[in-house]
Every structure is written in C-alpha cells, then in structure tokens.
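Remarks on the structure that follows.
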Amino acid sequence: MVIPLLNGIEHMEEVRAYFSPDQVLGGLCFIESTLDGDGTIVQSSAIHDMVFGEWNGKRTERVEQLAEIFSETRANFRLSENIQQDMWHKYLFISTLAGITSLMRSPIGPIRDTLEGRTYIQQLFEEIRLTMEEFGAPIAEGIVEKQMELVEKQAPTMKSSMLRDIEKNGEIEADHLQGYLLLLAERLGVETPLLRLIYQHLKVYEKNLNQ
C-alpha cells in the first residue's frame with residue numbers, strides 16, 4: 001500500500017498512474033514543522049495527526065488492519081470513509097492560509113484582526129471553493145464558514161509553512177498549491193483575482209530567489 005501525504009491534490013493522478021490505483025490510498029497529515037539552520041526538522045506545535053482511507057471510501061480489511069497498527073503509535077491516526085473530501089478540504093485550508101500569510105508576510109493574527117484582512121481571508125476561501133466546486137471536487141456545504149472558524153482558533157503567532165520557508169529564503173510550493181488551483185480556475189472560467197495576485201507574488205519571490 002502507498003499513502004501519499006503531500007499537500008495538494010494534483011500529485012494523486014500521477015501516483016495512481018505510476019502504481020496500480022488499487023495500491024494507492026488517500027492520505028493527509030496535520031503537523032506544524034520547519035527546518036532549522038542545519039536542516040533538522042523542528043515540530044513547532046503539539047499537533048501530529050494523520051488521516052487515511054481507501055480512495056473509494058470503502059472500509060476494507062487492509063485499512064482496518066492498518067488502523068490497528070497505527071493505534072499503537074504516539075501520533076493521532078484516523079481512518080476516513082471520505083478521504084477525497086478530507087484531502088480537498090485540507091487543500092482549501094492550507095492554500096488559503098499559506099497564500100494570505102505569505103502575501104501579507106505576517107502571522108495569521110494581525111491579518112485576522114483587521115477588518116480588511118478578515119475580508120481578504122474569506123474572499124480567498126470563496127475563490128478557491130468555487131474553483132474546486134466547478135471542478136467537481138466533493139466539497140461539503142458550508143465549508144468556508146467552518147474553515148473560517150478554524151482560522152479564528154489559530155494562535156495569533158501561527159505562520160504557514162510557506163511563510164516560514166520564505167522567511168528563510170527557501171523553496172516553496174507555489175505551483176503545486178496555488179498554481180494548480182489557478183490553472184483549474186482558468187480552464188473552468190472562474191474569476192480568482194486574489195488567488196492570481198498571490199500566485200504572481202509567489203512567482204516573483206521565486207524569480208528573485210533564483211537570481
């Protein structure tokens with residue numbers, strides 16, 4: 001069995017094509033981490049959750065066995081019967097959080113606690129949600145409201161991994177996260193002005209980084 005834990009969704013088509021689709025489960029993880037100066041992975045919060053499940057949502061014997069194995073670890077594992085929706089929902093959340101904090105070069109608190117900042121967060125959520133729905137992704141009704149509530153619960157000092165990478169002049173996932181969404185939006189005729197601005201901002205950063 002193969003469980004990809006990459007951010008985003010674009011990679012799943014390639015992974016399922018490279019391996020047999022029956023070999024590939026869906027998966028995602030929630031962990032706030034970064035690299036320190038010598039390249040050591042540093043976990044910056046107590047969150048260490050993983051969600052996995054059959055791509056078709058079935059509760060098979062193999063994932064039941066996998067869940068039993070994972071239950072003996074110190075991390076939190078959850079067997080999902082709707083892993084595709086879980087992955088799209090995470091993609092929505094991290095693309096918005098990474099995009100807005102990287103654009104503003106700020107932790108979430110100062111952005112969230114200003115009127116226009118809060119408006120931009122919601123606008124970006126809505127642009128991405130509409131793109132995903134037009135693509136046919138299994139997005140739950142009311143997801144933006146639920147994810148805005150998650151934003152409210154974040155510590156004011158919370159930074160996205162993308163922002164942390166930018167602050168260290170590191171490589172970022174602009175094409176894999178915001179770029180893929182923008183490509184979908186253009187194909188589907190969805191207007192995403194804020195997403196487009198954020199992607200351009202990130203590409204300028206990459207251009208300067210590689211000079």
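The values are calculated or read from the model by the stated rules, or taken from the named source; none is laboratory data. Nothing here was measured: the structure is a model prediction, and the numbers come from that model. When we count neighbours, we look across all protein chains shown, and the Cβ atoms used for this are built from the backbone with ideal geometry, even at glycine.
With respect to residue 32, determine if the residue is at pLDDT 90 or above and outside the structural domain of residue 154 (by TED's automatic domain parsing).
No, not satisfied.
Take the conditions surrounded by 11 or more Cβ atoms within 10 Å (Cβ to Cβ), within 21 Å of the chain's Cα centre (by Cα) and on the phi > 0 side of the Ramachandran plot and apply them to residue 57. Does it pass?
Answer is yes for this residue.
Counting only residues that are touching a Ser or Thr at 6+ places or on another chain (Cβ under 9 Å), under 22 Å from residue 143 (Cα atoms) and assigned to a loop (DSSP other than H, G, I, E, B), how many does the range 47-87 have?
Selection size over the range 47-87: 1.
Can we say residue 87 is farther than 20 Å from residue 181 by Cα, buried (at least 16 other Cβ atoms within 10 Å of the Cβ) and in contact (Cβ under 8 Å) with a residue 24 or more places away in the chain?
In short, no.
Of the residues that sit in the range 167-185 and are of a type outside the set (Gly, Ala, Ser) and outside any helix (DSSP H, G or I), which one is nearest to residue 125 (Cα to Cα)?
Going through the qualifying residues, I end up with 173.
Could you tell me which of the residues 109, 99 is out of contact with any strand residue (DSSP E or B) (no Cβ under 6 Å at 6 or more places or on another chain), surrounded by 17 or more Cβ atoms within 10 Å (Cβ to Cβ), in contact (Cβ under 8 Å) with a residue 24 or more places away in the chain and assigned by TED's automatic domain parsing to the domain that holds residue 177?
That would be 99, the only listed residue that is out of contact with any strand residue (DSSP E or B) (no Cβ under 6 Å at 6 or more places or on another chain), surrounded by 17 or more Cβ atoms within 10 Å (Cβ to Cβ), in contact (Cβ under 8 Å) with a residue 24 or more places away in the chain and assigned by TED's automatic domain parsing to the domain that holds residue 177.
Anything in the range 175-203 that is under 18 Å from residue 136 (Cβ atoms) and of a type in the set (Ser, Thr, Tyr)? List them, or say none.
180, 192 - these are the residues of the range 175-203 that are under 18 Å from residue 136 (Cβ atoms) and of a type in the set (Ser, Thr, Tyr).
When you scan the range 105-123, do you find a residue that is more than 17 Å from residue 148 (Cα to Cα), polar (S, T, N, Q) and not in a strand (DSSP E or B), even just one?
Looking through the range 105-123, at least one residue is more than 17 Å from residue 148 (Cα to Cα), polar (S, T, N, Q) and not in a strand (DSSP E or B).
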